[in-house]
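Report on the following structure.
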Amino acid sequence: IVFSIQLIYYKIGTDAWWRNGYAGLGFDWLSPHLYEGFFSYRQGWLVYTPLIALALLGIGWLRRGWLLPILIFTLANCYLLFSWHIWWYGNTFGSRPVVQSYAVLALPLAMLVAWFLGEQKGKKDEEGKVHDHSQVRTKLNRLIPLSLLVGFFILLNLFQHWQYNQRILPLDFVNKTYYWHVFGKTTLDKKDYVYLDTDEKPPRQTPTTALSLGQLDTPTPVSPQASQEFTNLLNHRLETIPRGEAWLHTSFDYAYFGDSFDKWKFPSLVTEVHREDEILKWFQVNIPRTMDNPEGDSLSFTISMPPLESGDEIKQYVWNLSQDSMLIQSYESEVWGF
């Protein structure tokens, strides 16, 4: 009777008794995404809800009779949830599917807190006063650091949720570089979104060498996909190799026309590093995601280069999968050596 409600809903909505809403997706039973599910900056459970680390640790302090059932449930639940192919479960804050298990995990969290505070019944005199004042002092000395730790975890969780609502932490695609770049920030700078693509930062010191690869000072139009999908900006064959660690720095000014771009179809600046027929690096930057002012905006980014040799070729072009158009007003690219 209960499950028939869902089946009737399918029948009314799709004229079929059963529809697989996750066609093409499934479970990776032999390679569950356990590390990503717990520690990934994308939607990792403990990254965005660190208090749960204490709850998981507290399983070891559960009393006999509670330990085995809660341990089995937690292991099975994590294996099931993080075996799902889309282990991050879409645009959510933190790990969405584990929320239902918090009622169970409250028990080991409470046991860990009780153990840490050394909960024991003190000896009392006729007036009911505790004789063992040292035990009270010990408990107080433990309560203060525990409160600070739990308070920090709770405040961090709430602050990051606020960052998520302000889109300082975006809906998806957060990586380690971006996470620490915006850690503690209270204002959104869309130019920071470039680190959602790069996931790397150059050394902080000034580059020792700078090799110009090319520049454009005349406006270069970028047509919609229906007219022209690729617009070349650079095709440079290296003759001189910068000393030390090489990074490619690119900057350009542009005007943007249209708003048809979405999460998967957008104009991007693509960088390719070739050695004969081998592609050493392929990299793209989502342009509209970083845009503040479509009428006139700019973007710059720096990415690491593989070990370069004379004769290697560096290409850059705009790959437009949308129906929008752009005008590249100026462009410059150079290789930095550190």
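The values are calculated or read from the model by the stated rules, or taken from the named source; none is laboratory data. What you are looking at is a predicted structure, and each value in this text was computed from that prediction instead of being measured. Reconstructed Cβ throughout: ideal geometry from the backbone, glycine too, with neighbour counts over all protein chains shown. For the accessible areas, the whole protein counts, side chains as well, though only heavy atoms, and no ligand, DNA or RNA atoms are used. Shrake-Rupley method; radii C 1.70, N 1.55, O 1.52, S 1.80 Å.
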**Request:** With respect to residue 201, determine if the residue is at pLDDT below 95, within 20 Å of residue 289 (Cβ to Cβ) and surrounded by 13 or more Cβ atoms within 10 Å (Cβ to Cβ).
**Result:** yes
**Message:** Could you list, ordered by first residue, the pairs with Cβ atoms under 7 Å in which the first is in segment 174-189 and within 21 Å of residue 302 (Cα to Cα) and the second is β-branched (Val, Ile, Thr) and in a helix (DSSP H, G or I), at least 6 apart or interchain?
**Reply:** 177/198
**Prompt:** Pairs, please: C-beta under 9 Å, at least 6 apart or cross-chain, first residue among the aromatic types (Phe, Trp, Tyr) and in segment 93-106, second open to solvent by 70 Å² or more (accessible area, probe 1.4 Å)?
**Reply:** 93/161; 93/165
**Request:** Kindly indicate which of 234, 169, 196, 188 is surrounded by 12 or more Cβ atoms within 10 Å (Cβ to Cβ), among the aliphatic types (A, V, I, L, M) and touching a strand residue (DSSP E or B) at 6+ places or on another chain (Cβ under 7 Å).
**Result:** 234
**Fill in**
Selection over segment 103-124 where residues are at pLDDT 95 or above and open to solvent by 70 Å² or more (accessible area, probe 1.4 Å) yields a count of 2
**Asked** When only residues in segment 223-251 that are more than 14 Å from residue 316 (Cβ to Cβ) and polar (S, T, N, Q) count, which is modelled with the lowest pLDDT?
**Response** 240
**Asked** Checking residue 228 against (1) over 23 Å from residue 203 (Cα atoms); (2) under 28 Å from the mean Cα position of the chain (by Cα), which test does it fail?
**Response** (2)
**Prompt:** Can you name the residue in segment 186-222 that is in a loop (DSSP other than H, G, I, E, B) and in contact with a helix residue (DSSP H, G or I) (Cβ under 7 Å, 6 or more places away or on another chain) and is also nearest to residue 319 (Cα to Cα) among such residues?
**Reply:** 199
**Prompt:** Is it true that residue 99 is surrounded by 14 or more Cβ atoms within 10 Å (Cβ to Cβ) and either of a type in the set (A, V, I, L, M) or touching a helix residue (DSSP H, G or I) at 6+ places or on another chain (Cβ under 8 Å) (or both)?
**Reply:** no
**Complete:** Taking segment 237-252 and keeping residues within 30 Å of the chain's Cα centre (by Cα) and either free of Cβ contacts under 8 Å to residues at least 60 places away in the same chain or open to solvent by 60 Å² or more (accessible area, probe 1.4 Å) (or both) leaves 245
**Item:** Test for residue 19: is it touching a residue at least 60 places away in the same chain (Cβ under 8 Å), out of contact with any Leu (no Cβ under 9 Å at 6 or more places or on another chain) and either of a type in the set (D, E, K, R) or on the phi > 0 side of the Ramachandran plot (or both)
**Value:** no
**Asked** Taking the stated definitions as given, is residue 102 out of contact with any strand residue (DSSP E or B) (no Cβ under 7 Å at 6 or more places or on another chain) and part of a loop (DSSP other than H, G, I, E, B)?
**Response** no
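Residues are listed down the side, and each one gets a yes or a no for (1) open to solvent by less than 70 Å² (accessible area, probe 1.4 Å); (2) assigned to a helix (DSSP H, G or I); (3) at pLDDT 95 or above; (4) at negative phi:
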site	(1), (2), (3), (4)
32	yes, no, yes, yes
38	yes, yes, yes, yes
41	yes, no, yes, yes
47	yes, yes, yes, yes
53	yes, yes, yes, yes
57	no, yes, yes, yes
71	yes, yes, yes, yes
82	yes, yes, yes, yes
92	yes, no, no, yes
**Request:** Determine if segment 164-171 includes at least one residue that is aromatic (Phe, Trp, Tyr), in contact (Cβ under 8 Å) with a residue 24 or more places away in the chain and either over 14 Å from residue 290 (Cα atoms) or assigned to a helix (DSSP H, G or I) (or both).
**Result:** yes
